[in-house]
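A short write-up of the structure that comes next.
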Amino acid sequence: MIKLHKINKYFSQHHVLKGIDLSVKKGEVVAILGPSGSGKSTLLRSINFLERPSSGSVEIGALKVNADTASKKDIHALRMATAMVFQQFNLFKNLNVLQNVMIGLTSVKKMDRKKAKEISAQILEKVGLSDRISYYPSRLSGGQQQRVAIARALALNPEVLLFDEPTSALDPELVDEVLSTIKKVAQEGNTMIIVTHELGFAREVADKVVFMDNGLVVEEGPVEKIFTDPGEERTKQFLGKALQRFIYEI
């Protein structure tokens, strides 16, 4: 379904991604874990060329795009195959909830407004926001805003959903409602790549875990294998410290 081959990314002289190879099967949920600055979000944004890789290639289904030769048409095709949920919601403050979900359908997919409205209303019901259709973002909690952002991504019916630390901007008491929504989306068989610091959530929802550090994939494998018997010392250190933090916070 998705194949990243030798993805490199430089910011000036800083080598952020160092020859990343990664494959994701159709319907698979992949959680990307790692310390801050390890390149997780940059890798995610490289999939749809929000950050254009310095070299390497991205395949989604039958589409293959090389960083060296990618045209605007190629990049547009990649972005049409994906939908991203960002940390900071990125809602249009001058549009209500329904309009925020519709906008991708009408402006990107050129769907007529009646059909777009119908689809958007159905998706908002799915994420538990059918009673907030006419609200503007300023009247929503952070968790509700993020659920609108998830609905907007789902409405596009992409081949893959990309989540970039979707709970990092939320107050702790709002995290669960967003994680519950993402879990529900995962259970419907969507192909998903999630960058997250929520280890318990990753363990519950993911099929595969990718652990990154210093721009490299240190280890990847089935979720239970990585959490219970990681093969790399760096993975063990990270998960051990993260677990200690979790117990302390409780």
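The values are calculated or read from the model by the stated rules, or taken from the named source; none is laboratory data. Every value quoted in this text rests on a predicted model; they were computed, and no experiment measured them. Cβ sites come from the backbone with ideal geometry, for glycine too, and all protein chains shown count toward neighbours. Please note that ligands, DNA and RNA were not included when accessible areas were found on the heavy atoms of the full protein model with its side chains. Shrake-Rupley method; radii C 1.70, N 1.55, O 1.52, S 1.80 Å.
Worth pointing out:
- Built amide H within the under 5 Å cut-off of Gly34, gap 5+: Met212
- For the pair Thr106 and Lys6, the difference between a 0.36 nm per residue extended length and the Cα-Cα distance amounts to 32.4 nm.
- Trypsin sites (Lys or Arg not before Pro) lying in DSSP loop within segment 2-55, provided at most 16 other Cβ fall within 10 Å: Lys25, Lys26
- Of all accessible heavy-atom area on segment 155-250, the percent that carbon and sulfur account for (1.4 Å): 48
- Taking 27 Å as the straight-line reach from the Cα of Lys114, the lysines in range (excluding those fewer than 8 positions away in the same chain) are Lys93, Lys126, Lys184.
- Förster-model FRET efficiency, 30 Å R0, Asp131 and Lys26, C-beta, rounded to 0.05: 0.30
- Given Lys3/Lys183; Lys3/Lys64; Lys6/Lys183; Lys73/Lys109, the pairs whose alpha carbons are separated by over 19 Å: Lys3/Lys183; Lys6/Lys183
- The longest part of the chain holding none of the exposed loop GluC sites (Glu not before Pro), meaning those outside H, G, I, E and B in DSSP with at most 14 other Cβ atoms within 10 Å, is 1-187.
- Cα-Cα separations in segment 37-141 greater than 15 Å, expressed as whole percent: 70
- Accessible area per residue for segment 71-214, computed on protein heavy atoms with a 1.4 Å probe, is 47 Å².
- Translational diffusion of segment 152-224, µm² s⁻¹ [Kirkwood Rh, Cα pairs; Stokes-Einstein; 4 °C; 1.567 mPa s]: 97
- Long-range Cα-Cα pairs in the chain (distance over 27 Å), rounded percent: 37
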